[in-house]
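Asker: For reference, the structure I am asking about is given below.
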Amino acid sequence: MINLFKNMMLFSTLVLFSIYGQQALSKSAIPDDQCAIITGATKDFDVAFDAIRKFKGYSPVIVQTNTGYLAPSIGIYYRDGAEELVEDFKRNGIIPADSYCGNADRFINVYYPNENFTELTTIPYSPMRSYVGEWQTVPSACGVKDRPTNGIYIDNESITFHMIKRCEFTSFETSPVNPLYMMIGLKCFEEGDEYESSINLGLSGYSILNLDTGIEYAKCP
């Protein structure tokens, strides 16, 4: 698997050079209004992959440069608020002190780990990928399915509150206040009724804060 990925990276780089030439490298693989929080640099795939496994609670990626380096990153965020986010991560010892949020023409590819962190793909994250799973206010309630709990259950398309109210996602938008806050539009179903709603969630590692109610949920194993 590792050799396959290395060959894939080499092939993608050769394609960029042979088809587009230097012009292909004049545009970053990361959108202009975003930046990747870079936590290191290596030319060893195993080292890069091990590095992003430490950030499973976030949305880590590996950024490939046109000089052959692989840059482990805790994720790609909007530039607005990114500086404060980097400082917060450093202050809490989550990323190294020399980490920074960068975007450059030399960034030619972005690789994303799959759900099990066993393979990489060039397919970008779903906006809700980091939120998928079971979250509970009380850890002992994790996995309890036969009675209502204080938990929320999130998949790629919907969220269920306390096993009572189910809502389908209709929109996603990153908050301009904080790049780790998500504003989500909802179409909810409760006791036979259907109505429009919304929710604001803040993601911090292995916890979610409902910004509308102040309730905090911990990620279940």
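The values are calculated or read from the model by the stated rules, or taken from the named source; none is laboratory data. Quick caveat: nothing in here was measured; it's all calculated off a predicted structure. Here the Cβ is made from the backbone with ideal geometry for all residues, glycine too, and neighbour counts use every protein chain on show.
Asker: Looking only at the stretch 27-67, which residues are small (Gly, Ala, Ser) and in contact (Cβ under 8 Å) with a residue 40 or more places away in the chain?
Answerer: So in the stretch 27-67, the residues small (Gly, Ala, Ser) come out as 28-29, 36, 40-41, 48, 51, 57, 59.
Scanning the stretch 27-67 gives Ser28, Ala29, Ala36, Gly40, Gly57, Ser59.
Asker: Need the failing condition index for Glu173 against (1) modelled with pLDDT of 90 or more; (2) not assigned by TED's automatic domain parsing to the domain that holds Thr65, just the number.
Answerer: Only one criterion in (1) modelled with pLDDT of 90 or more; (2) not assigned by TED's automatic domain parsing to the domain that holds Thr65 is unmet by Glu173, namely (1).
Asker: Test Tyr77 against the criterion of being in contact (Cβ under 8 Å) with a residue 24 or more places away in the chain, buried (at least 16 other Cβ atoms within 10 Å of the Cβ) and touching a helix residue (DSSP H, G or I) at 6+ places or on another chain (Cβ under 7 Å), and give yes or no. Steps first, answer last, please.
Answerer: On the way: in contact (Cβ under 8 Å) with a residue 24 or more places away in the chain: yes; buried (at least 16 other Cβ atoms within 10 Å of the Cβ): yes; touching a helix residue (DSSP H, G or I) at 6+ places or on another chain (Cβ under 7 Å): yes.
Answer is yes for this residue.
Asker: Take Ile30 and tell me if it is at pLDDT below 95, in contact with a strand residue (DSSP E or B) (Cβ under 6 Å, 6 or more places away or on another chain) and outside the structural domain of Leu180 (by TED's automatic domain parsing). Steps first, please.
Answerer: Working: at pLDDT below 95: yes; in contact with a strand residue (DSSP E or B) (Cβ under 6 Å, 6 or more places away or on another chain): yes; outside the structural domain of Leu180 (by TED's automatic domain parsing): yes.
Spelling it out, Ile30 is indeed at pLDDT below 95, in contact with a strand residue (DSSP E or B) (Cβ under 6 Å, 6 or more places away or on another chain) and outside the structural domain of Leu180 (by TED's automatic domain parsing).
Asker: Could you list, ordered by first residue, the pairs with Cβ atoms under 6 Å in which the first is in the stretch 202-215 and closer than 17 Å to Phe55 by Cα and the second is charged (D, E, K, R), at least 6 apart or interchain?
Answerer: Every condition considered, the pairs that remain are Tyr206/Lys219; Ser207/Glu216.
Asker: Could you tell me which residue of the stretch 38-74 is modelled with the highest pLDDT, considering only residues that are surrounded by 19 or more Cβ atoms within 10 Å (Cβ to Cβ) and assigned to a loop (DSSP other than H, G, I, E, B)?
Answerer: Ranking the qualifying residues of the stretch 38-74, first place goes to Thr39.
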